[in-house]
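These notes are about the structure you will find just below.
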Amino acid sequence: MAINVTNTSAADPLSRHQILSWVNESLQSNYVKIEELCTGAAYCQFMDMLFPGTLSMKKVKFTSKLEHEYIQNFKLLQAAFTKMQVDQNVEVQKLVKGRYQDNFEFVQWFKKFFDANHDGREYDALSRRDYQELGGSAKKGSARQPAAVAPRPKPIVQNIVRVPPQGETVRPARSAGTKASPSRTAGGDSLKVQELTQQLEDLKGTVDGLEKERDFYFGKLRDIEVLCQDESESPAIKGILDVLYATEEGFTAPDEGGEIEGVADEQEEY
């Protein structure tokens, strides 16, 4: 039987980066975004780590790309929860949509659940899932190496020596190796473009996640502010409001129009 925990049992929630680091280190996976946990595969393997035998690892879709496969993984997770008498409700239809906030809140709870039930035993995550990729590159394709391609035979070129007429000057022929092969140059450029494109996509994903995380915590702070304003006569509430409204040295709050000085001038020039 598992030890149950609640969503409010910890005062200091982990950041997005801490959560991803914990998941990747524990499962030897390659997750780069919280949203990727919507497949449910990571939670299934965590349950196999915590409670061996509670679910069949062969039924888990580790390289799933379709929503109905995500749902199948979460059904396995729910069955394992029922078997171990875990009280947490799994909102499958929300999680499989891949929205940041839904998945972030669930994985925060799961981390607390993991800490309460993990006994520290060694666990080989890769061998347990038959060395399948999990997270990140798993969505983009298999990690198998491409089959070797036999090199094409080089055409045999016969050197024909032409004897010039008497009195004609013979000019030395240009070496065929002096020019760079266009195919090699194009191939190198293509690989470089693919590498830079992948780096750009990773950076965009990181920025998108940071913006969502910022909006999530700002919304929490705004709710606290509204609640405190209704009870502003209390000394404790006044102290909380002072913390919320405190600024650091050198910080300049934007004006009521929401424009920062200098930015508005540049927009007018355009």
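Here the stretch 204-239 is the region considered, the condition is being in contact with a Lys or Arg (Cβ under 7 Å, 6 or more places away or on another chain) and within 30 Å of Leu20 (Cα to Cα), and the residue that is surrounded by the fewest Cβ atoms within 10 Å (Cβ to Cβ) is Gly205.
Note on the stretch 53-124: enclosed helices (runs of 4 or more DSSP H) holding 1 or more residues that are of a type in the set (Phe, Trp, Tyr) and over 12 Å from Leu37 (Cα atoms) are 67-83, 100-117. Farther than 23 Å from Glu213 by Cβ and touching a helix residue (DSSP H, G or I) at 6+ places or on another chain (Cβ under 7 Å) - does that describe any residue in the stretch 93-116? No, the stretch 93-116 contains no residue that is farther than 23 Å from Glu213 by Cβ and touching a helix residue (DSSP H, G or I) at 6+ places or on another chain (Cβ under 7 Å).
Out of the stretch 67-100, which residues are open to solvent by 90 Å² or more (accessible area, probe 1.4 Å) and over 24 Å from Ala2 (Cα atoms)? Hits for the stretch 67-100 are His68, Gln93, Lys94, Lys97, Arg99. Once the stretch 24-36 is narrowed to residues that are under 11 Å from the mean Cα position of the chain (by Cα) and either open to solvent by less than 40 Å² (accessible area, probe 1.4 Å) or not β-branched (Val, Ile, Thr) (or both), the residue that is nearest to Leu203 (Cα to Cα) is Lys33. Of note, Asp189 satisfies the criterion of being modelled with pLDDT of 80 or more, within 25 Å of Gly136 (Cα to Cα) and part of a helix (DSSP H, G or I).
Evaluate the stretch 37-57: report whether one residue or more is crowded, with 18+ Cβ neighbours inside 10 Å, in contact (Cβ under 8 Å) with a residue 24 or more places away in the chain, under 22 Å from Val207 (Cβ atoms) and not polar (S, T, N, Q). Yes, the stretch 37-57 has at least one match. Somewhere in the stretch 214-236, is a residue touching a Phe, Trp or Tyr at 6+ places or on another chain (Cβ under 8 Å) and assigned to a helix (DSSP H, G or I)? Yes, there is a match, as at least one residue in the stretch 214-236 is touching a Phe, Trp or Tyr at 6+ places or on another chain (Cβ under 8 Å) and assigned to a helix (DSSP H, G or I). Pairs linking a residue in the stretch 240-253 that is open to solvent by 90 Å² or more (accessible area, probe 1.4 Å) to a residue that is of a type in the set (A, V, I, L, M) and at pLDDT below 80, with Cβ atoms under 7 Å and 6 or more positions apart or on different chains, are Thr247/Ala253.
The values are calculated or read from the model by the stated rules, or taken from the named source; none is laboratory data. Note that the coordinates shown come from a computational prediction; the quantities given were computed from them, not determined experimentally. Note that each Cβ is placed from the backbone with ideal geometry, even for glycine, and that neighbours are counted across all protein chains shown. Protein only, heavy atoms only, side chains kept; ligands, DNA and RNA dropped before computing areas. Shrake-Rupley method; radii C 1.70, N 1.55, O 1.52, S 1.80 Å.
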